[in-house]
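Asks: I have a structure here, written as structure tokens, and I will follow up with some questions on it.
No lab work stands behind these numbers, since they all come straight from the coordinates. Here the structure is a predicted model, which means the values were calculated and not measured. So basically every Cβ, Gly included, is an ideal-geometry build from the backbone, and we count neighbours across all protein chains shown.
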Amino acid sequence: FIDAVVFDLDGVITDSAHYHFLAWRELARELGIGIDEVFNERLKGVSRMDSLELILQEGNQQNDFTLSQKETMAEKKNLHYCEFLNELTSQDILPGILELITHIKFEGISIGLASVSRNASTVLKALQLEGTFDYVVDAAKVKKSKPDPEIFLTACKQLDANPKRSIGIEDASAGIDSIKASGMFAVGVGKTLFKADYQVHATKELQWEMIKSEYMQWR
Ligand code: B16
Ligand code: MG
């Protein structure tokens, strides 16, 4: 009765969302723009260039740079972010995730990954999760970033799953919107994901039996 479970990467499988934040905060600081964790919620699940635009808007600097200058800034942020990724190991898989994946696979349900990050394959490799997911959709495979449903719909299609019989797990508000727009059941990991069909505060609270029972009530 469940076709597939599709996971977000940054912030669900590992805390790379925090490294994105540290790298953006440094770039913003150089521009004289202050950003905090609250502002960072708006960057989660949003593509690299769109994230830069949001930061520049925050500092009223959106019209101050050419596209090429913006690309240089985004590249600089990415190099900084990649320095953090060099330190990433399988120890950085968030609590409860491997157990959850094991339970889902035991029931013969497909699992997918939906990340708009261009670094998704590097992150999966560092975590030693290559080959774990039946299908991975990353930035190279979609045209539109979350909150558009394209990424979750692509994952379902490739997994031969009906979105209405599938579950998406996200830590970002834009990601929950993407899951809901695709017709899937949305599980949120965080404190302010009000549109999620079921919300937990941290990955260690992701219990498969609980998720299934919430899904059964929703369908
Ligand atoms: P990159 P997800 C997203 O990944 C992040 O949440 C978001 O903060 C980031 O800007 C985006 O990937 C692009 O990442 O700069 O590595 O291409 O949450 O969809 O796994
Ligand atoms: Mg995320």
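Asks: For the stretch 69-109: of the residues being over 17 Å from the mean Cα position of the chain (by Cα) and of a type in the set (S, T, Y), which is nearest to Y19 (Cα to Cα)?
Replies: Among those residues, the one meeting the criterion is T89.
Asks: Regarding K105, is this residue away from ligand 2 (no atom under 16 Å from the Cβ), surrounded by fewer than 17 Cβ atoms within 10 Å (Cβ to Cβ) and basic (K, R)?
Replies: So K105 fits the description; yes.
Asks: Just for helices (runs of 4 or more DSSP H) wholly inside the stretch 17-112: which have at least 1 residues that are over 30 Å from A4 (Cβ atoms)?
Replies: 37-40, 48-58, 67-85
Asks: Please identify the pairs in which a residue from the stretch 59-74 that is in contact (Cβ under 8 Å) with a residue 24 or more places away in the chain has its Cβ atom under 8 Å from the Cβ atom of a residue that is among the basic types (K, R), counting only partners at least 6 apart or on another chain.
Replies: What qualifies is A74/R48.
Asks: Can G112 be described as within 27 Å of T154 (Cβ to Cβ), more than 9 Å from ligand 1 (Cβ to nearest atom), small (G, A, S) and more than 13 Å from the chain's Cα centre (by Cα)?
Replies: no
Asks: Moving to a separate point now. I need every pair where a residue in the stretch 139-155 that is farther than 16 Å from R118 by Cα and within 14 Å of ligand 2 (Cβ to nearest atom) has its Cβ under 9 Å from the Cβ of a residue that is in a loop (DSSP other than H, G, I, E, B) and β-branched (V, I, T), sequence separation at least 6 or different chains.
Replies: Within 9 Å, the pairs are P147/V46.
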